[in-house]
1. Assign one of three labels to the stretch 98-233, namely rounded, prolate or oblate, based on the Cα gyration tensor with a ≥ b ≥ c the square roots of its eigenvalues; rounded applies when a/c is under 1.5, prolate when it is not and a/b is larger than b/c, and oblate otherwise.
2. How would you classify the stretch 192-273 from its alpha-carbon gyration tensor, with a ≥ b ≥ c the square roots of the eigenvalues: rounded for a/c under 1.5, else prolate if a/b is greater than b/c, otherwise oblate?
3. Are there chymotrypsin sites (Phe, Trp or Tyr not before Pro) in the stretch 316-395 that DSSP marks as loop and that have at most 12 other Cβ atoms within 10 Å, and which are they?
4. Report the charge-dipole magnitude of the chain in Debye, nearest 20, computed about the Cα centre from +1 at each Lys and Arg Cβ and -1 at each Asp and Glu Cβ.
5. Could you list the trypsin sites (Lys or Arg not before Pro) in the stretch 251-346 that lie in coil according to DSSP, counting only those with at most 15 other Cβ atoms within 10 Å of their Cβ?
6. Among the lysines, select those whose C-alpha is under 18 Å from the C-alpha of residue 127, and discard any that sit fewer than 8 residues away in the same chain.
7. Evaluate the charge dipole of the stretch 175-286 about its Cα centre and quote only its size in Debye, nearest 20, assuming +1 on the Cβ of each Lys and Arg and -1 on the Cβ of each Asp and Glu.
8. For the stretch 460-468, in order, what is each residue's ³J(HN,Hα) by Karplus, 6.51 cos²θ - 1.76 cosθ + 1.60 with θ = phi - 60°, in whole Hz (x at glycine and Pro)?
Amino acid sequence: MADSYDLVVIGAGPGGYVAAIRAAQLGLKTACVEARDRLGGTCLNIGCIPSKALLQASHKMHEAAHGLAAFGVEVTSAKLNLPGMMAHKDKVVDANTKGVEFLFKKNKVTWLKGMGSIAAPGKVVVKKTDGATDTVETKRILIATGSESMPLPGVEIDEKRVVTSTGALTLSAVPKRLVVVGGGYIGLEMGSVWGRLGAEVTVVEFLDRIVPTMDGEVGKQFQRTLGKQGFKFKLSTKVVGAKSSATGVTLTLEPAKGGTQETLEADVVLVSIGRRPYTDGLGLERAGVALDERKRVKVNHHFETNVPGIYAIGDVIAGPMLAHKAEDEGVAAAEIMAGQAGHVNYDVIPGIVYTWPEVASVGKTEEEIKAAGIEYRVGKFPFTANGRARANNDTDGFVKIIADAKTDRVLGVHIIGPEAGTMIHECCVAMEFSASAEDIARTCHGHPTLNEAIKEAALAVDGRPIHI
Ligand SMILES: Cc1cc2nc3c(=O)[nH]c(=O)nc-3n(C[C@H](O)[C@H](O)[C@H](O)COP(=O)(O)OP(=O)(O)OC[C@H]3O[C@@H](n4cnc5c(N)ncnc54)[C@H](O)[C@@H]3O)c2cc1C
């Protein structure tokens with residue numbers, strides 16, 4: 001007789017593995033199907049975790065080579081050991097993925113190894129690497145199959161010279177010239193890694209600005225800062241072809257609106273123009289699961305598809321493609337299945353770019369608030385006026401808080417600066433509790449901390465910052 005479960009999750013990324021653990025905590029007999037030989041999905045294997053390991057390592061290299069003299073620390077020679085840096089990354093990935101395996105065992109989640117597909121509602125087939133199949137029965141199915149890199153027509157990926165983010169995490173040498181196609185956060189992060197290690201980085205972006213979802217003022221400052229670090233930008237430009245040879249790649253570029261073509265030489269090209277939902281071989285058509293116009297699985301507020309008993313979360317459904325969004329949806333979906341009131345507040349999902357300085361935001365941008373016709377006030381505070389930032393010799397950037405002009409409720413916070421990705425979370429908590437700028441301004445902040453810049457920006461909303 002086939003094994004039977006209360007819940008079978010397909011995909012063990014941050015959405016799927018978190019959902020499986022939460023469901024098991026709530027007493028559901030749970031299995032998780034994963035095709036990779038390691039748990040953790042894109043995030044732990046080829047995404048968030050390895051990219052942050054390389055960002056941290058390359059930041060340290062850059063600091064050792066260029067950043068310590070200002071502190072009176074003289075380094076005679078900082079030398080890159082790229083295999084050593086990659087070993088650090090691999091060790092971190094290994095520890096994290098094994099950590100999820102341990103959590104599955106601890107919570108009695110069964111890992112079904114292989115490629116999962118939906119034979120019918122309540123029936124999942126698992127195809128193992130040796131070709132054998134198992135069929136399991138389940139009361140509910142949760143699709144958490146994530147996403148994959150978006151291909152660029154006319155550009156063939158070989159993961160050596162023309163790479164996706166996956167290839168960019170494992171280059172065997174620092175390229176002299178790296179061209180990043182796409183000015184989104186993944187391309188800018190990977191560009192930062194290789195730029196810090198010595199590559200000349202050129203970003204080619206179709207739109208007239210980088211990271212288009214970012215608050216405009218922060219985006220401009222971000223581009224200026226990256227420019228100072230050596231990034232070159234070719235905006236409003238599209239890549240229409242790529243020709244690889246033994247020594248490099250010749251890209252053909254064209255103005256976004258059309259016009260005269262030009263060529264650009266590179267040693268390595270990183271194609272990072274976005275990600276698309278991954279549903280290949282899942283059997284969604286057979287099961288009758290509806291997709292939206294962008295081939296994402298359509299769900300209702302309870303993460304249930306049009307087929308009763310089949311749910312979906314994470315990158316494979318609508319919304320920002322972020323690990324923490326997938327995790328929160330995983331928890332909410334599991335709680336709903338267990339009869340609780342799971343919920344995700346999509347108005348308070350932080351977005352972070354882990355370059356240096358970091359860029360972090362939560363809530364609405366100034367452009368969105370203006371377009372909605374809401375009267376608002378802005379408070380800003382630069383890190384040049386923050387004592388701790390000066391002590392750290394890290395004064396690039398500012399905090400910007402936007403509040404409703406009538407109620408003073410915080411509508412959006414945008415930070416470019418050191419540790420922005422950590423600092424943003426006090427604003428997330430504040431917004432989750434519907435705080436006003438005055439609430440943040442009246443909260444005692446430890447001194448000397450970078451977070452004092454947030455308090456000062458909140459004071460600046462009312463025109464009364466102290467330290468500027
Ligand atoms: C380079 C890079 C850096 C990133 N950095 C960040 C970051 O700093 N912060 C952040 O929040 N997000 C980041 N992301 C995005 C983040 O990785 C994703 O948003 C997140 O992993 C989505 O989680 P998920 O669970 O929906 O899917 P995934 O993590 O994609 O997991 C899906 C899993 O399902 C498996 N699978 C698919 N189909 C099947 C099947 N039929 N049967 C069995 N298994 C299957 C896949 O093998 C995969 O392991 C980054 C992404 C990349 C590529």
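The values are calculated or read from the model by the stated rules, or taken from the named source; none is laboratory data. What you see is a predicted model, and the numbers here were worked out from it, not measured in a lab. As a convention, Cβ positions derive from the backbone with ideal geometry for all residues, glycine included, and neighbour counts pool all protein chains shown. Each accessible area value is taken on the protein alone, full model and side chains, heavy atoms only, with ligands, DNA and RNA left out. Shrake-Rupley method; radii C 1.70, N 1.55, O 1.52, S 1.80 Å.
1. Prolate shape, in that a/c is at least 1.5 and a/b is the bigger ratio.
2. Oblate, since a/c reaches 1.5 and b/c is not below a/b.
3. In loop regions of the stretch 316-395 (DSSP not H, G, I, E or B), the sparsely surrounded chymotrypsin sites (Phe, Trp or Tyr not before Pro) are 346.
4. Numbers: 53 positive and 54 negative charges, 126 e Å.
In total the dipole reaches around 600 debye.
5. Of the trypsin sites (Lys or Arg not before Pro), the ones in loops of the stretch 251-346 whose Cβ has at most 15 other Cβ atoms within 10 Å are 257, 294, 295, 298.
6. Correct list for residue 127: 113.
7. Dipole magnitude for the stretch 175-286 comes out near 140 debye.
8. 5, 4, 9, x, 9, x, 8, 9, 8
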